[in-house]
Amino acid sequence: MQQRYKTKQIHIGNVAIGGDAPISVQSMTFSKTHDIAATKAQIDRLALAGADIVRVAVSDESDAYSLKELKKISPLPLVADIHFRYRFALIAAESVDCIRINPGNIGSKDKIKAVADACNARNIPIRIGVNGGSLEKKFERKYGPTPQGMVESALYNIKLLEDFGFQRIKVSLKASDVGRTMQAYRMLRPKVVYPFHLGVTEAGTLMHSSIKSAMALGGLLMEGIGDTMRCSITGELEEEINLARMILKYSGRQKQGVTLISCPTCGRIEADLVKAVKEVEKRIAHIKTPLQVSVMGCVVNALGEAKHADIAIAFGDKEGMIIKGGEMIGKYKEDEILEVFINEVEALAKERADV
Ligand code: SF4
């Protein structure tokens with residue numbers, strides 16, 4: 001795993017992005033933003049799921065004017081997502097913690113300057129959110145929807161903001177496929193100091209997005225690229241946060257939470273492992289302490305895995321053993337082992353957290 005790129009640190013509300021700040025996770029509500037009750041309910045769901053930042057769409061004037069109220073009641077820093085109408089960005093800038101503009105559709109230099117001035121007045125950042133499918137005409141004509149076109153668009157808009165005296169910038173370069181997304185971020189990384197927001201756009205349903213996001217975002221994170229991220233999923237809000245946290249964990253960028261190891265099962269299986277693992281996964285999902293937990297279907301590989309795990313189950317014929325720190329702590333009947341195991345995992349997590 002490569003060292004993380006040292007980027008300039010900015011703040012979105014109380015969340016630091018870039019520098020040595022933890023890589024933050026964000027998502028976006030899908031309610032009509034001006035429906036404040038519905039939007040607040042979705043923001044609360046995201047906060048509960050462990051999101052650090054939330055973005056809301058600003059499609060019309062009523063969305064823009066509802067941001068002031070939403071900002072007061074949002075438990076998470078609020079980002080306003082603006083396409084086409086720079087005037088909405090000016091209204092949003094009065095209350096939110098960050099503005100996202102798509103340079104491909106926000107309009108002339110004057111309009112971008114007006115947004116920069118409004119954000120400068122409140123010391124809030126701007127995300128230059130380049131999207132491979134909606135580049136400015138001049139870049140689209142010259143490069144097509146390529147990583148080069150995305151990078152040129154980002155560089156052009158970064159320079160514009162810098163010329164307007166604006167430097168609280170973060171950048172995203174999203175395409176709907178893994179290859180272009182990775183290439184664009186890789187190409188831009190050595191050229192600028194600003195933090196990157198990672199994402200694959202329109203990544204699809206859970207299965208499709210999991211694969212695309214794990215490949216693109218996970219790959220980039222392991223190369224040291226990325227300061228904040230969103231996994232886009234056509235699905236539930238909580239799934240986006242869970243997926244992002246897993247990618248962070250398995251790319252080695254976040255230590256928190258349980259790493260669960262379980263075998264795929266085979267003809268040697270001695271228990272209903274699928275049911276057992278689902279139960280364990282559900283009941284220890286709240287644990288934040290880094291722990292390696294292994295649940296294996298027979299002793300063939302279980303003892304080897306248990307040596308690397310903090311705590312493990314190896315199932316046998318109508319019974320199983322629990323192994324902690326490489327030592328067997330007991331043998332239990334099939335119908336009692338899960339309760340004992342979950343209690344042991346909870347106790348171990350608490351013990352480690354208290355150290
Ligand atoms: S641990 Fe046992 S049951 Fe699971 S895959 Fe390996 S040999 Fe099969």
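The values are calculated or read from the model by the stated rules, or taken from the named source; none is laboratory data. Please read all numbers here as calculations on a predicted model, not as lab measurements. Don't worry about glycine lacking a Cβ; one is built from the backbone with ideal geometry, like all the others, and counts go over all protein chains shown. Areas reflect the complete protein model, heavy atoms only, side chains present, ligands, DNA and RNA absent. Shrake-Rupley method; radii C 1.70, N 1.55, O 1.52, S 1.80 Å.
For the range 40-91, go through all pairs of different Cα atoms, get the mean of 1/r, take its inverse, and jot down that Kirkwood value in Å.
On the way: mean 1/r = 0.0877 Å⁻¹.
Computed over the range 40-91, the radius equals 11.4 Å.
Quickly estimate the mean residue ellipticity at 222 nm for the chain, helices only: each DSSP H run with n ≥ 4 gives -39500 (n - 2.57), and the total goes over all residues, rounded to 500.
It lands at -14000 deg cm²/dmol.
Amide H of GLU319: which non-local residues (sequence gap of 5 or more, or other chain) have their own amide H closer than 5 Å, using H built in the peptide plane?
Counting only residues 5 or more places away or on other chains, the set is GLU334.
Can you give the Rg to Rh ratio of the chain, both from alpha-carbon atoms, with Rh computed by the Kirkwood formula?
Rg/Rh for the chain comes to 1.06.
How much area per residue is accessible in the chain when the probe is 1.4 Å and only protein heavy atoms are counted (Å²)?
For the chain, the per-residue accessible area is 46 Å².
Expressed as a rounded percentage, what relative contact order does the range 233-355 have, with Cα pairs under 8 Å and six or more residues apart?
Averaging sequence separation for qualifying contacts and normalising by length gives 19 percent for the range 233-355.
Hey, rough spin-label estimate for LYS142 and GLU327, points 7 angstrom out along Cα→Cβ, what's it come to in nanometres?
With each label point 7 Å from Cα toward Cβ, the separation is 6.8 nm.
Could you work out the pair-distance distribution P(r) of the range 303-347 from its alpha-carbon pairs, with 5 angstrom bin width and percents rounded to whole numbers?
Going out from 0 Å in 5 Å bins, the range 303-347 shows 6, 26, 34, 24, 10, 0 percent.
Counting only protein heavy atoms, what percent of the accessible surface of the range 1-151 is carbon or sulfur at a 1.4 Å probe?
The C+S portion of the solvent-accessible surface of the range 1-151 is 52 percent.
Roughly what % of Cα-Cα distances in the range 21-107 sit above 17 Å, to the whole percent?
Details: 1547 of 3741 pairs.
So the portion of pairs separated by more than 17 Å is 41 percent.
What's the local net charge at MET215, with K and R +1, D and E -1, over the other residues with C-beta under 15 Å away?
Here the charged neighbours net out to +2.
Excluding residues fewer than 8 places away in the same chain, name every one of the lysines whose C-alpha is closer than 21 Å to that of LYS8.
Filter leaves LYS159, LYS170, LYS174, LYS191.
Within 9 Å, Cβ to Cβ, of LYS324, how many net charges do the neighbouring residues add up to if Lys/Arg are +1 and Asp/Glu are -1?
Computed value for this residue: -3.
Tell me the relative contact order for the range 69-159 as a rounded percent, counting alpha carbon contacts under 8 Å between residues six or more apart.
Relative contact order comes out at 23 percent.
In the range 189-221, which residues have a backbone nitrogen under 16 Å from the label point lying 7 Å from GLU162's Cα in the Cα-to-Cβ direction?
Residues 189-196 fall inside that zone.
Compute the acute angle (0 to 90°) between the alpha-carbon long axis of helix 61-73 and the principal axis of greatest extent of the alpha-carbon atoms of the chain; round to the nearest 10°.
Tilt of helix 61-73: around 50 degrees.
Ratio of Rg to Rh for the range 216-262, alpha carbon only, Kirkwood?
Ratio of gyration radius to Kirkwood radius for the range 216-262: 0.97.
For LEU198, what residues show an amide H to amide H distance below 5 Å, using hydrogens built from the backbone and excluding near sequence neighbours?
Long-range HN contacts for LEU198: ASP227, THR228, MET229, ARG230.
Say each of ASN14 and ASN123 gets a label point 7 Å from the Cα, pointing the same way as Cα to Cβ; how far apart are those two points in nm?
Placing both labels 7 Å along Cα→Cβ, they lie 1.6 nm apart.
Taking all protein chains as present, what is the carbon and sulfur share of the accessible area of the range 211-259, in % to the nearest whole number, probe 1.4 Å? Don't jump to the answer; show the numbers that get you there.
Details: 1030 of 1720 Å².
The nonpolar share, carbon plus sulfur, comes to 60 percent.
Of PHE164, PHE88, PHE196, which has the largest mean-square fluctuation in a 10 Å C-alpha GNM of the chain?
Result for the chain, Cα springs under 10 Å: PHE164 fluctuates most.
Considering all alpha-carbon pairs of the range 104-231, what whole percent are spaced by more than 17 angstrom?
Values: 4556 of 8128 pairs.
Considering the range 104-231, 56 percent of its Cα-Cα pairs are separated by more than 17 Å.
Under Stokes-Einstein, with the Kirkwood radius over Cα pairs standing in for Rh, what whole-number D in µm²/s applies to the range 171-276 at 25 °C and 0.890 mPa s?
164 µm²/s
Taking θ as phi - 60°, what are the ³J(HN,Hα) couplings along the range 228-234 by the Karplus curve (6.51, -1.76, 1.60), each to the nearest whole Hz, with x for Gly and Pro?
Working through the residues one at a time gives 8, 8, 9, 9, 7, 9, 7 Hz.
Once amide H atoms are placed 1.01 Å from N in the peptide plane, what residues at a sequence separation of 5 or more from THR259, or on another chain, have their amide H within under 5 Å of its amide H?
For THR259, the qualifying residues are LEU291, GLN292, VAL293.
Using only the Cα atoms of the range 202-355, construct the convex hull and provide its projected area averaged over every direction, in square nanometres to one decimal. Intermediate values should be presented prior to the final figure.
Details: hull surface 40.9 nm².
Computing the convex hull of the Cα atoms and averaging its projections yields 10.2 nm².
Could you report the accessible area of HIS11 in Å², rounded to 10, computed with a 1.4 Å probe on the protein chains as they sit in the structure?
90 Å²
With a 1.4 Å probe and all protein chains in place, put THR146, THR234, THR289 in order of accessible area, largest first.
Greatest to least solvent exposure: THR234, THR146, THR289.
Over the C-alpha atoms of the range 136-180, what are the Rg and the largest Cα-to-Cα span, Dmax, in Å?
Reported Rg and Dmax, both Å: 11.7, 34.
Spelling out what I want: for every residue of the range 163-176, take phi, set θ = phi - 60°, compute 6.51 cos²θ - 1.76 cosθ + 1.60 (Karplus), and round to whole Hz; glycine and proline get x.
5, 8, x, 10, 10, 8, 10, 10, 10, 10, 9, 9, 10, 8
Considering only DSSP states other than H, G, I, E and B, which trypsin sites (Lys or Arg not before Pro) in the range 116-192 qualify as loop sites with at most 15 other Cβ atoms within 10 Å?
Here the trypsin sites (Lys or Arg not before Pro) that fit, given the DSSP loop and packing criteria, are ARG122.
Give the lysines reachable from LYS350 as a straight Cα distance under 28 Å; neighbours fewer than 8 places away on the same chain don't count.
Straight-distance partners of LYS350: LYS249, LYS255, LYS275, LYS278, LYS282, LYS288, LYS307, LYS324, LYS331, LYS333.
What are the ³J(HN,Hα) values, in whole Hz, obtained from phi via the Karplus relation 6.51 cos²θ - 1.76 cosθ + 1.60 with θ = phi - 60°, for each residue of the range 291-296 in sequence order, with x given for Gly and Pro?
9, 9, 10, 10, 10, 10
Give, as a single signed number, the net charge of other residues whose beta carbon lies under 11 Å from the beta carbon of ALA302, with Lys and Arg counted +1 and Asp and Glu -1.
Details: positive: ARG268, LYS307; negative: GLU270, GLU305.
After counting each charged neighbour, the total is 0.
I'd like the FRET efficiency for GLU69 and ALA47, computed as 1/(1 + (r/R0)^6) with the beta carbon distance as r and R0 of 22 Å, rounded to 0.05.
In this case the efficiency is close to 0.80.
Among the lysines, which have Cα under 16 Å from the Cα of LYS32 when same-chain residues fewer than 8 positions away are ignored?
Qualifying lysines at Cα under 16 Å: LYS40, LYS68, LYS71.
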